[in-house]
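The values are calculated or read from the model by the stated rules, or taken from the named source; none is laboratory data. Because the structure is a prediction, the values reported are computed rather than measured. All Cβ positions, even for glycine, are placed from backbone atoms using ideal geometry, and neighbour counts span all protein chains on display. Note: accessible area is taken over every heavy atom of the protein model, side chains too, but ligands, DNA and RNA are not part of it. Shrake-Rupley method; radii C 1.70, N 1.55, O 1.52, S 1.80 Å.
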Amino acid sequence: MIKKTKIIDYFQANISELSEDAKELVFEAQRAIKTAYSPYSEFSVGSALLLDNGLFIKGSNQENAAYPSGLCGERVALFAWGANNSENKVVAIAISAQNKEGEFALAYPCGACLQVMVETESRTKEKLKIIVQINDQEVQVFNGVECLMPFSFSL
Ligand code: THU
């Protein structure tokens with residue numbers, strides 16, 4: 001038997017400490033919250049992608065009366081990228097969320113969204129920076145999907 005350990009390499013910072021690009025990306029994710037369609041959960045998730053040409057793509061959770069037909073904010077943005085802008089690499093994604101009281105709410109990407117991010121990395125051949133807003137002021141920044149999904153499925 002071999003005991004193995006994986007280390008999660010990430011940092012936590014105030015939004016004001018981020019680079020201009022990263023700060024703007026977080027603000028885009030915050031703006032995207034307003035476009036969520038979440039009448040069932042009343043939990044609104046905004047996401048934003050930064051592409052290597054400086055373009056931002058926003059996404060937000062889109063729910064449906066037939067619950068599984070809805071989609072998370074992260075995958076809405078990532079699939080919009082695939083359908084519209086895949087000639088440019090995605091370099092980062094930011095995620096920000098609000099509860100029904102309109103207060104900030106912590107939302108790490110779910111497993112299905114992480115699996116789609118894994119596929120995105122394999123398409124771009126670049127690590128994806130994942131920025132998760134963890135409270136009103138701060139974010140956690142993960143360098144690569146492997147930090148949040150250390151083992152993932154591939155064919
Ligand atoms: N949701 C996201 O948009 N992203 C996640 O990573 C997890 C959950 C959405 C799905 C649903 O619309 C609401 O949050 C409550 O689960």
Checklist entry - Taking interchain pairs and intrachain pairs at least six residues apart, which have beta carbon atoms under 6 angstrom, with the first residue in the range 50-65 and touching a residue at least 24 places away in the same chain (Cβ under 8 Å) and the second open to solvent by 70 Å² or more (accessible area, probe 1.4 Å) and within 15 Å of the ligand (Cβ to nearest atom)? => result Ser60/Thr35; Gln62/Tyr37; Glu63/Tyr37; Glu63/Tyr40
Checklist entry - If we keep just the residues of the range 23-41 that are more than 13 Å from Ser96 (Cα to Cα) and in contact with a strand residue (DSSP E or B) (Cβ under 9 Å, 6 or more places away or on another chain), which is least open to solvent (accessible area, probe 1.4 Å)? => result Ser38
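Quick one: count up the residues across the range 67-79 that are open to solvent by 30 Å² or more (accessible area, probe 1.4 Å) and either touching a helix residue (DSSP H, G or I) at 6+ places or on another chain (Cβ under 6 Å) or more than 13 Å from the ligand (Cβ to nearest atom) (or both).
Selection size over the range 67-79: 2.
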Next on the checklist: On the basis of being surrounded by fewer than 16 Cβ atoms within 10 Å (Cβ to Cβ), under 17 Å from Arg31 (Cβ atoms) and away from the ligand (no atom under 16 Å from the Cβ), does Asp136 make the cut?
Outcome noted: yes
Checklist entry - How about the range 82-97: which of its residues are open to solvent by 50 Å² or more (accessible area, probe 1.4 Å) and touching a helix residue (DSSP H, G or I) at 6+ places or on another chain (Cβ under 9 Å)? => result Ser86, Lys89, Val91
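Table: residues versus (1) under 19 Å from Ile57 (Cβ atoms); (2) out of contact with any strand residue (DSSP E or B) (no Cβ under 8 Å at 6 or more places or on another chain).
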{"site": "Val76", "(1), (2)": "yes, no"}
{"site": "Asn85", "(1), (2)": "yes, no"}
{"site": "Pro109", "(1), (2)": "yes, no"}
{"site": "Glu119", "(1), (2)": "yes, yes"}
{"site": "Lys127", "(1), (2)": "yes, no"}
{"site": "Glu138", "(1), (2)": "no, no"}
